[in-house]
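**Student:** Right, I'll just put the structure down here and ask away after.
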Amino acid sequence: MTTTHSPIQDTWAWQSRQIGWSLMGDPTAPIAVLLIHGFGANTNHWRFNQPVLAKLAPTYAIDLLGFGRSDQPRARLKQEPPDATAVHYGFDLWGQQVADFCREVIDKPVLLVGNSIGGVVALRAAQLLGPDQCKRVVLIDCAQRLMDDKQLATQPAWMGWIRPLLKTMVSQRWLSTALFRNAARPGVIRSVLKQAYPSGENIDDELIELLYQPTKRNGAAEAFRGFINLFDDHLAPQLMENLEIPVDLIWGEKDPWEPLKEAENWSSTIPCIQSINIILKVGHCAHDEAPNEVNKVLTKLIKTTKK
């Protein structure tokens with residue numbers, strides 16, 4: 001599958017940083033869609049979705065700070081002293097970025113769509129926006145964040161024993177940078193994608209390149225350092241506890257990292273969740289691995305939201 005349309009690309013100044021974003025569709029329409037990528041991805045990961053959804057509503061995509069074309073400032077961990085040149089990467093930062101983008105750039109009610117950690121970001125942004133500005137949230141294989149301290153009870157006992165050492169190690173910038181540089185190679189990216197995309201569909205040179213290019217920038221390792229040190233941050237179920245905005249789930253049946261069983265548990269226990277749509281035979285990035293099936297679900301949800 002190849003893309004046939006290119007979105008308009010632009011940048012937005014936010015908190016003295018430059019943020020990359022893109023748009024397809026008529027920006028004057030009364031409701032918009034905003035696509036939020038997962039860890040290590042960027043606006044181009046919506047290559048098969050944005051052109052289709054733009055026929056129904058103006059469809060924006062945004063690069064979270066630290067990724068894609070957005071600035072990549074130095075990471076500051078919670079225990080480190082304040083630094084005007086650094087940021088604390090996390091869901092409050094990214095959620096505020098998305099909420100501010102919706103208010104300042106989109107400037108109309110939105111439907112937020114997030115993949116992986118982008119789902120957690122979407123939920124945090126929805127909290128900040130409220131039901132008048134955010135009409136619906138769609139989570140595609142939302143990150144369950146099993147390494148968070150609050151998830152410790154669900155982990156094997158040995159994980160509790162090694163956790164203090166693990167935290168100390170990954171906080172070291174030399175180590176996190178080395179880990180990042182080892183992972184940020186085309187061959188390694190392709191290998192990881194074979195896990196994430198179990199059907200093998202759409203693992204093409206375009207995908208490798210769109211994930212690889214941003215890793216070559218000088219600050220690319222900083223968001224990685226910030227993220228792997230998020231041991232105490234928001235979890236999706238907590239963000240949805242009192243959410244007054246409808247949420248829908250789209251999940252790859254064979255997601256190797258975010259268990260479908262837990263998503264089904266969310267669906268049956270969290271009141272704001274309206275539906276769960278399981279995409280057969282695909283994994284963690286269902287929107288890119290099986291775009292036709294995911295676009296059908298998203299199209300239906302957009303039409304429902306516009307009523």
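**Student:** Count charges around residue 279 for me, please; just the other residues with Cβ under 12 Å from its Cβ, Lys/Arg as +1, Asp/Glu as -1.
**Tutor:** Net of charged neighbours comes to -4.
**Student:** Let me ask something else about it. Quick one: putting +1 on the C-beta of Lys and Arg, -1 on the C-beta of Asp and Glu, what dipole do you get for the chain around its Cα centre, in Debye to the nearest 20?
**Tutor:** Value, rounded to 20: 260 debye.
**Student:** Pairs on different chains or at least eight residues apart, Cα atoms closer than 16 Å: how many lysine pairs in region 168-307 fit?
**Tutor:** 5
**Student:** Can you give the accessible area per residue of the chain, in Å², using a 1.4 Å probe? Before the final figure, lay out the partial values.
**Tutor:** Details: 13510 Å² over 307 residues.
With the other protein chains kept in place, the chain gives 44 Å² per residue.
**Student:** What is the distance in Å between the Cα centres of region 21-60 and region 224-287?
**Tutor:** 20
**Student:** For every helix of n ≥ 4 consecutive DSSP H residues, a contribution of -39,500 (n - 2.57) applies; sum these over the chain, divide by its total residues, and give [θ] at 222 nm rounded to the nearest 500 deg cm²/dmol.
**Tutor:** Rounded to the nearest 500, the figure is -11000 deg cm²/dmol.
**Student:** Between residue 74 and residue 216, what is the FRET efficiency for a Förster distance of 25 Å, r being their Cβ-Cβ separation, to the nearest 0.05?
**Tutor:** Here the calculated transfer efficiency is 0.90.
**Student:** Using the Cα centre of region 99-239 as origin and beta-carbon charges of +1 (Lys, Arg) and -1 (Asp, Glu), tell me which of 195, 133, 172 is placed farthest towards the positive end of the dipole.
**Tutor:** Sorting the options by dipole projection puts first 172.
**Student:** Roughly speaking, to the nearest percent, how much of region 50-133's 1.4 Å accessible area is carbon and sulfur? Don't skip to the answer; put the middle values down first.
**Tutor:** Working: 1340 of 2740 Å².
That share works out to 49 percent.
**Student:** Please state the charge dipole magnitude for region 47-124, taken about the Cα centre, from unit charges on C-beta atoms (+1 on K and R, -1 on D and E), reported in debye and rounded to the nearest 20.
**Tutor:** Value, rounded to 20: 260 debye.
**Student:** Now for a separate question. Leaving out ligands, DNA and RNA but keeping every protein chain, what accessible area does residue 80 have, in Å² rounded to the nearest 10, with a 1.4 Å probe?
**Tutor:** 50
**Student:** For region 264-281, just list the computed ³J(HN,Hα) in residue order, Karplus coefficients 6.51, -1.76 and 1.60, θ = phi - 60°, integers in Hz, with x standing in for Gly and Pro.
**Tutor:** 5, 5, 4, 4, 8, 10, 9, x, 6, 6, 8, 7, 10, 10, 9, 9, 5, 6
**Student:** Using a Förster distance of 25 angstrom, determine the FRET efficiency expected from the C-beta separation of residue 295 and residue 18, and round it to 0.05.
**Tutor:** The computed FRET efficiency comes out at 0.25.
**Student:** Can you give the net charge of the other residues whose Cβ lies under 10 Å from the Cβ of residue 124, counting K and R as +1 and D and E as -1?
**Tutor:** Combined, the nearby Lys, Arg, Asp and Glu give -2.
**Student:** I would also like to ask the following. For region 73-187, what number of Lys pairs, 8 or more residues apart or on separate chains, have alpha-carbon atoms under 25 Å from each other?
**Tutor:** So the count works out to 4.
**Student:** For region 139-149, in order, what is each residue's ³J(HN,Hα) by Karplus, 6.51 cos²θ - 1.76 cosθ + 1.60 with θ = phi - 60°, in whole Hz (x at glycine and Pro)?
**Tutor:** Once rounded to whole Hz, the list reads 9, 9, 6, 4, 5, 8, 6, 5, 8, 5, 4.
**Student:** Counting only other residues whose beta carbon sits under 13 Å from that of residue 289, what net charge do I get with K and R as +1, D and E as -1?
**Tutor:** -3
The values are calculated or read from the model by the stated rules, or taken from the named source; none is laboratory data. A quick note: this is a predicted structure, and the numbers were derived from the prediction, not measured. Backbone-built Cβ (ideal geometry, glycine too); neighbour counts: all protein chains shown. Calculation scope for accessible area: heavy atoms of the full protein, side chains included, ligands and nucleic acids excluded. Shrake-Rupley method; radii C 1.70, N 1.55, O 1.52, S 1.80 Å.
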